[in-house]
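Here is the structure we will look at.
The values are calculated or read from the model by the stated rules, or taken from the named source; none is laboratory data. Predicted model only: the values in this text are computed from it and were never measured. Here the Cβ positions follow ideal geometry from the backbone for every residue, glycine too, while neighbour counts run over all protein chains shown.
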Amino acid sequence: MFLNGRFLVQSLSGVQRFAREVTDALAAIVPENDPLRPVILLPPDSHETGPLTGPGLKRKKVGKWRGQIWEQFSLSVAARKGILLNLGNTGPVFGGKRFVVMHDAGVFAIKDSYSFAFRWWYRLLFLLLSRSGTKLITVSNFSQRELAKYLHIPAQRISVIQEGADHILKVQADESILQKHSLETGRFILAVGNLAPHKNLKILNSLSSVLEKSNLKLVISGSFNNAVFNTKSELPSFATFVGRVNDAELHALYRHAAVLIFPSIYEGFGLPPVEAMTCGCPVIATDIPVLREVCGNAALFFKNEVELKDAVLHLSQDNNLRETLKKHAFAQSKNYRWKNTAQQILEIIKDK
């Protein structure tokens with residue numbers, strides 16, 4: 001089985017995280033002599049942005065081009081006699097037996113968040129893939145419904161898997177980030193995600209008086225990609241912005257935060273809340289279907305600024321509620337393991 005390796009030369013975000021963790025998990029569970037043992041196909045002269053940890057992963061550089069041209073032509077030719085698994089939204093329209101994981105329908109549903117070029121290309125590609133015999137996979141029941149609606153295809157054509165979050169436990173928490181930003185255990189609220197408009201970080205501006213009353217800081221970790229998104233969210237002036245952090249630093253932030261606030265108005269899955277739950281951090285999330293699906297009873301939900309402020313106050317003052325949420329969080333997070341994700345993908349490939 002061949003893997004589309006473009007994710008290895010891209011900066012790390014939620015989609016690339018998914019692809020890396022699934023690849024490592026596949027390498028760990030598929031035997032060397034199995035035809036589904038992954039071989040990663042890469043563009044020529046590619047430089048990987050980070051290491052994979054899966055044992056014995058084979059890589060092969062193919063073709064002459066790069067980017068989308070490499071993906072549509074060089075990759076298609078190189079993988080035409082085998083199974084090609086594309087883990088990061090895109091893949092060749094033509095070729096052999098192809099599987100593509102489409103993570104969400106954001107380019108249709110929240111078009112104003114994306115640049116015109118990105119939105120135009122992804123819309124076209126999604127439509128072409130959905131009509132080319134490519135087998136489609138997505139990461140939540142919500143995304144299955146959304147993709148079916150916008151691509152005008154039956155929902156049954158899209159297989160659903162679950163993501164994992166146990167990668168955050170593989171690294172030891174680097175608590176030096178707390179000293180670096182003068183953060184005390186349980187005395188700060190955390191928000192994690194890129195700074196795109198649909199992440200809705202501007203709603204955090206409403207927390208100024210609540211944070212002052214509760215003696216809490218607001219810490220935001222994230223980055224922004226101009227090639228993908230239109231404009232940055234309006235960050236609160238009173239927040240401590242720590243930028244992009246590594247897994248060890250993120251682990252420490254989750255462990256020591258009073259709560260993670262995830263105010264996004266659109267997601268295909270929503271990885272930060274699950275990472276937080278895995279680390280025992282209580283979660284306050286937007287009341288949208290996908291986060292209800294992913295978080296279950298392990299989070300508090302809000303619909304507007306008033307409900308957000310009430311949730312923060314309630315959680316900061318009620319230790320019993322905090323402990324109950326942490327207990328539910330640990331239980332809910334056990335549903336999200338990358339080994340399970342890889343096994344679900346293998347079952348889909350075998351069934352098709």
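Miscellaneous remarks
- Checked against the criterion of being among the charged types (D, E, K, R), in a loop (DSSP other than H, G, I, E, B) and surrounded by fewer than 17 Cβ atoms within 10 Å (Cβ to Cβ), the range 62-70 contains one or more residues that satisfy it.
- Restricting Ala165, Ala191, Ala196, Ala155 to those that are crowded, with 17+ Cβ neighbours inside 10 Å and over 23 Å from Ala248 (Cα atoms) reduces the list to Ala196.
- Given (1) part of a helix (DSSP H, G or I); (2) over 18 Å from Val139 (Cα atoms), index of the condition Leu300 fails: (1)
- Candidate set from the range 107-133 (those that are crowded, with 19+ Cβ neighbours inside 10 Å and modelled with pLDDT of 95 or more); member that is nearest to Gly96 (Cα to Cα): Leu129
- With respect to (1) out of contact with any Lys or Arg (no Cβ under 8 Å at 6 or more places or on another chain); (2) closer than 22 Å to Val22 by Cβ, the lone exception for Gly82 is condition (1).
- Leu52 vs. criteria part of a loop (DSSP other than H, G, I, E, B), of a type outside the set (Val, Ile, Thr) and surrounded by 15 or more Cβ atoms within 10 Å (Cβ to Cβ): yes
- Every residue from the range 94-117 that is part of a helix (DSSP H, G or I) and among the β-branched types (Val, Ile, Thr): Val107
- Every test in (1) over 30 Å from Leu216 (Cα atoms); (2) assigned by TED's automatic domain parsing to the domain that holds Ile288 is passed by Glu146 save one, and that test is (2).
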